[in-house]
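Enquirer: A single structure is presented below for examination.
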Amino acid sequence: MAKNLVDSIQMEVRSKQPCRKELDFTVPADAVKSETDKVLREFAYAVSIPGFRQGKAPAGMLKSKYGNDIRQEVERKIVYAAFELAGKDGSLDIVTCGIEGEPKLEFDQEFKFTLGADIAPEFELGDYKALKVKEELEAVTDEQIDERVKTYRAMYGNYAEAEGAAQKDDMLKVSYKSDFPLPEDASPALKRQLEAESTFLWLSDPETIPGCTAALTGAEVGKEYTIKAEYPADYREAALAGKTVNYTVKVEGIQRRVELTDQELAEKARVKTIEEFRDMLRKAMEQENQSKQRSAVIEKVYAEIDKAIPEFELPPSVLASEVQKELQKIARETVKSEEDAEKFKAGLEEHKKAAEEPAKKALRRTFILRKIAKAEEIKLEQGEVDAQLREMSRYYGYKEKEFRDMLEKNGGMDDLQLDILSNKVLNHLADMATK
């Protein structure tokens, strides 16, 4: 009985580091020939060659005309079979792997290639099931509700003309222009961002023009002011990203929120009385406290588990990828202008060092929770992923399929699935610790 491709491949494992292995594969010539013949038959039916019926073109002619495509397809099938073989070896908990070098397959000849594989670290979890944490739910006080009511009074108050100098959170009626050269093909949004007549600016976050709150707090009606706006490197209008733009702003009016009365606030909240509104707030704040308490329990439990586990080696390729993610976070937080970008590049090595510690901590947490998931037989369900995708797509304003495709293209789907599984494990641990 003929062997299938996976059974025909020979694998030898070499160790480079505790979490890094090299998997050497040898595919015998007869297995290469067998797989090539299968691919040739597929091509014979998929292509059309003048003078031959579908599926009847000679192998030599197919190799001559489509040799590179056929070779790539045979290589793909063999490498896929090698991945399957590596996964069948129960001693290898492969996290990620890829082909090393550029092996080239020759038809009907023995084929050798190597996969570099990152292996999950080995460590003991300790007695995490015995952990106990006391829940301490904080009560909602009348004073806290008073403060929240005060916030809502101001938040939902109506704007009215204000006298004197502008204050933070005021709404200013202004006309402004900038020194930025307007491109001929500028979008309406870019034009409005650079020049506008009798429009409104809010002296609060998020700022329409970067720096407008600081520059216009204290401004008076009828006077002109200048703003040196430094746009962040990831600003939505690419033409302004990382740029510094100087504005001249004329203040035409100042409006300030007038706090709502009890009855106005109740009507705004669609309840009959302020007492009903306070009851509604109390329930919402109690839920907030429960959520905070749950998070606190989760972190306490994980901290105890982490403390009981000695340091262990981390897979090098996965660690490098995690460091890169942390580096991108640092860049988003610090690079707001062209000058910031240059400084970031100059200090790149220091930033990499700063990214290493949080990357190691995050990766260590991932492997600890991954091992607990296996021990507790906690698995990710497709329905959980779909539900999270629906919620996220609504939040970010995308169609669900569009958001899913975007995550799959940029590698975000793996991160999403890992987050969902990690949260399941953490909540399972919290449940055990509070029983």
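Enquirer: How do the strands (runs of 3 or more DSSP E) wholly within the range 167-233 filter down when requiring 1 or more residues that are in contact with a strand residue (DSSP E or B) (Cβ under 6 Å, 6 or more places away or on another chain) and of a type in the set (Asp, Glu): which remain? Break it down into steps so the answer makes sense when it comes.
Expert: Details: elements: 171-178, 196-202, 224-230.
Where strands (runs of 3 or more DSSP E) fall fully within the range 167-233 and carry at least 1 residues being in contact with a strand residue (DSSP E or B) (Cβ under 6 Å, 6 or more places away or on another chain) and of a type in the set (Asp, Glu), they are 196-202, 224-230.
Enquirer: Right, here's the next one. Just checking, which of GLU288, GLU299, GLU304, GLU339 is of a type outside the set (A, V, I, L, M, F, W, C), in the same structural domain as GLN417 (by TED's automatic domain parsing) and over 19 Å from ASP93 (Cβ atoms)?
Expert: On the way: GLU288 fails: in the same structural domain as GLN417 (by TED's automatic domain parsing); GLU299 fails: in the same structural domain as GLN417 (by TED's automatic domain parsing); GLU304 fails: in the same structural domain as GLN417 (by TED's automatic domain parsing).
Criteria check complete, one pass: GLU339.
Enquirer: Out of the residues in the range 151-171 that are more than 14 Å from GLY218 (Cα to Cα) and buried (at least 16 other Cβ atoms within 10 Å of the Cβ), which is modelled with the lowest pLDDT? Give the steps one after another, and end with the answer.
Expert: Pass one, the range 151-171, residues more than 14 Å from GLY218 (Cα to Cα): 151-161.
Within this subset, residues satisfying the condition of being buried (at least 16 other Cβ atoms within 10 Å of the Cβ) are 152-153, 157.
Numbers: TYR152: 92, ARG153: 90, GLY157: 87.
That would be GLY157.
Enquirer: Also, quick follow-up: Can you give me the number of residues within the range 131-150 that are surrounded by fewer than 15 Cβ atoms within 10 Å (Cβ to Cβ) and part of a helix (DSSP H, G or I)? Quick ask: steps written out before the conclusion?
Expert: Kept after step one, since they are surrounded by fewer than 15 Cβ atoms within 10 Å (Cβ to Cβ), are these residues of the range 131-150: 132, 134-139, 141-143, 146-147, 150.
Now drop any that are not part of a helix (DSSP H, G or I), which leaves 142-143, 146-147, 150.
So the count comes out to 5.
Enquirer: Taking the stated definitions as given, is VAL174 within 30 Å of LYS435 (Cβ to Cβ) and modelled with pLDDT of 90 or more? So that I can check it myself, show each step before the final result.
Expert: Details: within 30 Å of LYS435 (Cβ to Cβ): no; modelled with pLDDT of 90 or more: yes.
When the stated conditions are applied, VAL174 does not pass them.
Enquirer: OK, next. For the range 271-292, enumerate the residues that are free of Cβ contacts under 8 Å to residues at least 60 places away in the same chain and out of contact with any helix residue (DSSP H, G or I) (no Cβ under 8 Å at 6 or more places or on another chain).
Expert: Scanning the range 271-292 gives GLU275, ASP279, MET280, LYS283, ALA284, GLN287, GLU288, SER291.
Enquirer: From the list GLU376, GLU349, which residue is within 27 Å of ILE94 (Cα to Cα) and out of contact with any Phe, Trp or Tyr (no Cβ under 8 Å at 6 or more places or on another chain)?
Expert: Details: GLU349 fails: within 27 Å of ILE94 (Cα to Cα).
From the options GLU376, GLU349, the qualifying one is GLU376.
Each row is one residue, and each column tells you yes or no for (1) under 30 Å from VAL174 (Cα atoms); (2) within 27 Å of the chain's Cα centre (by Cα); (3) surrounded by 14 or more Cβ atoms within 10 Å (Cβ to Cβ).
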| position | (1), (2), (3) |
| --- | --- |
| LYS268 | yes, no, yes |
| THR273 | no, no, no |
| ASP279 | no, no, no |
| ALA284 | no, no, no |
| VAL297 | no, yes, yes |
| LYS300 | no, yes, yes |
| ILE305 | no, yes, yes |
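Enquirer: Could we say that GLU35 is surrounded by fewer than 12 Cβ atoms within 10 Å (Cβ to Cβ), charged (D, E, K, R) and either in contact with a helix residue (DSSP H, G or I) (Cβ under 6 Å, 6 or more places away or on another chain) or at pLDDT 85 or above (or both) here?
Expert: Values: surrounded by fewer than 12 Cβ atoms within 10 Å (Cβ to Cβ): no; charged (D, E, K, R): yes; either in contact with a helix residue (DSSP H, G or I) (Cβ under 6 Å, 6 or more places away or on another chain) or at pLDDT 85 or above (or both): yes.
So GLU35 does not fit the description; no.
Enquirer: Let me ask something additional. Filter the range 87-104 for residues that are modelled with pLDDT of 90 or more and of a type in the set (A, V, I, L, M, F, W, C); which is surrounded by the fewest Cβ atoms within 10 Å (Cβ to Cβ)?
Expert: The qualifying residue surrounded by the fewest Cβ atoms within 10 Å (Cβ to Cβ) is ILE99.
Enquirer: Give me the pairs, please: first residue somewhere in the range 259-270 and at pLDDT 90 or above, second residue anywhere and exposed (fewer than 14 other Cβ atoms within 10 Å of the Cβ) and not in a helix (DSSP H, G or I), beta-carbon distance under 6 Å, and either six or more positions apart or on two chains.
Expert: ALA266/THR273
Enquirer: Looking for whichever is touching a Phe, Trp or Tyr at 6+ places or on another chain (Cβ under 8 Å) and closer than 29 Å to VAL318 by Cα here; the options are PHE25, PHE43. Which one fits? Break it down stepwise before answering.
Expert: On the way: PHE43 fails: closer than 29 Å to VAL318 by Cα.
It is PHE25.
Enquirer: For the range 234-258, give me the residue count where each residue is assigned to a loop (DSSP other than H, G, I, E, B) and not aromatic (Phe, Trp, Tyr). I'd like the intermediate steps shown before the answer.
Expert: At the first step, the residues of the range 234-258 found to be assigned to a loop (DSSP other than H, G, I, E, B) are 234-243.
If we keep only those that are not aromatic (Phe, Trp, Tyr) as well, we get 234, 236-243.
The qualifying residues number 9.
Enquirer: So, of the residues in the range 105-114 that are assigned to a loop (DSSP other than H, G, I, E, B) and under 17 Å from ALA81 (Cα atoms), which turns out to be modelled with the lowest pLDDT?
Expert: Taking the range 105-114 first, the residues assigned to a loop (DSSP other than H, G, I, E, B) are 105-110.
Filter again for under 17 Å from ALA81 (Cα atoms), leaving 105, 110.
Numbers: LEU105: 92, GLU110: 96.
Result: LEU105.
Enquirer: Considering only helices (runs of 4 or more DSSP H) fully contained in the range 306-421, which possess at least 2 residues that are without any contact (Cβ under 8 Å) to a residue 12 or more places away in the chain and under 28 Å from GLU207 (Cβ atoms)? Reasoning before the result, please.
Expert: Details: elements: 316-334, 338-346, 348-375, 382-396, 400-410.
Ranges flagged: 316-334, 338-346, 382-396.
Enquirer: Tell me whether the range 217-226 contains one or more residues that are under 30 Å from ILE330 (Cα atoms), touching a residue at least 40 places away in the same chain (Cβ under 8 Å) and crowded, with 16+ Cβ neighbours inside 10 Å.
Expert: No, the range 217-226 contains no residue that is under 30 Å from ILE330 (Cα atoms), touching a residue at least 40 places away in the same chain (Cβ under 8 Å) and crowded, with 16+ Cβ neighbours inside 10 Å.
The values are calculated or read from the model by the stated rules, or taken from the named source; none is laboratory data. Keep in mind that what you see is a predicted model, and the values were worked out from it rather than measured. Cβ coordinates were reconstructed from backbone atoms using ideal geometry, including for glycine residues, and neighbour counts include every protein chain displayed.
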